[in-house]
Amino acid sequence: MLRHMTHGVYVLATRRGQETSAMTASWVMQAAERPPCVAVAVRNDRYTHDRILESGTFSLSILREDQVDVATHFAETSGEYHDKFQGVPYGLTPGGSPFLLDCLAYLDCRLRDTAHAGDHTVFIGEVTSGDTLDPSYPLIYDPGEYEEALR
């Protein structure tokens, strides 16, 4: 039943010093309006998980409907062993997190709180800035289409 819930597809990224870390995320939602906050669920054993805790900031690049290849790229390997941004155009948010220059929009977030949910941590971030970069449509997670790539 949970497979039928709709989710967007994002690249969740952070930076600690000169080290960047990023992963594909689909369990993301708006969590508050004032101040604007988002919640992102990240499995506890993901490399990016601890980097977010250490940096206290993260970004979400919202992928366009034609960016399944980007979602796959950021899902395939661990950032512990591979610089996922190598060859990918990116900028830094005012908070210092990397964001994709080629995406629908991005959010810059400051970590406000965490909650434990089974094998995931829910990161609650206050949106401190962001921008819309493209007027097209967002990529929607379809387990039948990218189940293998995002596993």
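A compact table of results
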quantity: Scope segment 101-127; condition closer than 19 Å to Arg16 by Cβ and either open to solvent by 80 Å² or more (accessible area, probe 1.4 Å) or out of contact with any strand residue (DSSP E or B) (no Cβ under 6 Å at 6 or more places or on another chain) (or both); matching residues; calculated: Arg110, Arg112
quantity: Test: residue in segment 85-95 that is free of Cβ contacts under 8 Å to residues at least 40 places away in the same chain, open to solvent by less than 20 Å² (accessible area, probe 1.4 Å) and not hydroxyl-bearing (Ser, Thr, Tyr); calculated: yes
quantity: Among the candidates Thr14, Thr48, Thr20, Thr24, residue that is under 14 Å from Cys103 (Cα atoms) and touching a strand residue (DSSP E or B) at 6+ places or on another chain (Cβ under 9 Å); calculated: Thr24
quantity: So Val68, is it buried (at least 21 other Cβ atoms within 10 Å of the Cβ) and either of a type in the set (Val, Ile, Thr) or over 22 Å from Val127 (Cα atoms) (or both); calculated: no
quantity: When residues of segment 71-84 are limited to those that are open to solvent by 40 Å² or more (accessible area, probe 1.4 Å) and under 19 Å from Tyr141 (Cβ atoms), the one modelled with the lowest pLDDT; calculated: Glu76
quantity: Residues of segment 1-37 satisfying the condition of being in contact (Cβ under 8 Å) with a residue 40 or more places away in the chain, crowded, with 20+ Cβ neighbours inside 10 Å and outside any loop (DSSP other than H, G, I, E, B); calculated: Tyr10, Val11, Leu12, Ala13, Thr14, Arg15, Thr20, Ser21, Ala22, Met23, Thr24
quantity: Criterion: modelled with pLDDT of 95 or more and in contact with a strand residue (DSSP E or B) (Cβ under 7 Å, 6 or more places away or on another chain) - qualifying residue of Leu92, Leu53; calculated: Leu92
quantity: Candidate set from segment 38-50 (those that are farther than 15 Å from Thr114 by Cα and touching a Gly at 6+ places or on another chain (Cβ under 9 Å)); member that is least open to solvent (accessible area, probe 1.4 Å); calculated: Tyr47
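The values are calculated or read from the model by the stated rules, or taken from the named source; none is laboratory data. Only a predicted model underlies this, so the values are computations on that prediction, with no experimental measurement involved. Using ideal geometry, Cβ is built from the backbone for each residue, glycine included, and neighbour counts are taken over all protein chains shown. Areas reflect the complete protein model, heavy atoms only, side chains present, ligands, DNA and RNA absent. Shrake-Rupley method; radii C 1.70, N 1.55, O 1.52, S 1.80 Å.
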